[in-house]
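The values are calculated or read from the model by the stated rules, or taken from the named source; none is laboratory data. Just so we're clear, the structure is a prediction, and the values are computed from it rather than from any experiment. FYI the Cβ positions are ideal-geometry reconstructions off the backbone, even for glycines, and counts take in every protein chain you see.
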């Protein structure tokens, strides 16, 4: 029989995952206040693990706890978006250089992910499109073979997915542009051209940043 403590922990983890992967990535929820009871009803837990999950998310600056009003989904600020893209650029350029230098660039895997993205279109599939988008970049980072770097990069996932979904909604045709930008990264990796790969990564992240800041 599972202990009460284990059940609470499980409920907190379930709530944390649901909030981070489903609620925080919903463009309609940016800046909105969250109903603990509504979320508890949706995922079948009590309000206690919801509160615990919100405290964890507040510690990551993903939600804002407002006295007497509750938890609010904190919209990504222009500064956060710029810093996110800067940090991603540092990590992804390094990954491309290391993978090409060691001949471990995951060309086949990235090609398969790009094909998965090509069949996802329209607002209804935006979140899935961006989930695959994150996997595309994370697969490149993983090719370095540094577990600590992988965990560090995965810590950016929630903000990365949120930013990506918002970017798709901010600009018509952004999905097609992302596919072209990913193809340029893949082509450079396949050619073993580290300079071109870094330039393609910079172009991709710079384009996303421009869309997001244009709002």
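Looking only at region 173-215, residues that are outside any helix (DSSP H, G or I) and closer than 17 Å to residue 98 by Cβ come to 2 in all. Residues of region 41-54 that are within 15 Å of residue 17 (Cβ to Cβ) and either in contact with a strand residue (DSSP E or B) (Cβ under 7 Å, 6 or more places away or on another chain) or free of Cβ contacts under 8 Å to residues at least 40 places away in the same chain (or both): 42, 43, 44, 45, 50, 54. Selection of region 159-175 for residues being in contact (Cβ under 8 Å) with a residue 24 or more places away in the chain and farther than 27 Å from residue 58 by Cα yields 171, 174, 175.
Based on this model, can you work out whether residue 124 counts as in contact with a helix residue (DSSP H, G or I) (Cβ under 7 Å, 6 or more places away or on another chain) and either under 17 Å from residue 167 (Cβ atoms) or outside the structural domain of residue 163 (by TED's automatic domain parsing) (or both)? Judged against the criteria, residue 124 is not a match.
Close contacts from region 61-77, counting a first residue that is at positive phi and a second that is part of a loop (DSSP other than H, G, I, E, B) and crowded, with 17+ Cβ neighbours inside 10 Å, with Cβ to Cβ under 9 Å and a gap of 6+ residues or different chains, come to 61/74; 70/34. Whenever a residue of region 187-206 is on the phi > 0 side of the Ramachandran plot, its partners that are surrounded by 15 or more Cβ atoms within 10 Å (Cβ to Cβ) and part of a helix (DSSP H, G or I), lying with C-beta atoms within less than 7 angstrom and at least six residues away or across chains, give the pairs 192/100. Evaluate region 149-158: report whether one residue or more is farther than 19 Å from residue 93 by Cα and either touching a residue at least 12 places away in the same chain (Cβ under 8 Å) or in the same structural domain as residue 31 (by TED's automatic domain parsing) (or both). For region 149-158, residues farther than 19 Å from residue 93 by Cα and either touching a residue at least 12 places away in the same chain (Cβ under 8 Å) or in the same structural domain as residue 31 (by TED's automatic domain parsing) (or both): present. Annotation note: of 65, 55, the sole residue that is touching a helix residue (DSSP H, G or I) at 6+ places or on another chain (Cβ under 6 Å) and either in a strand (DSSP E or B) or outside the structural domain of residue 125 (by TED's automatic domain parsing) (or both) is 65.
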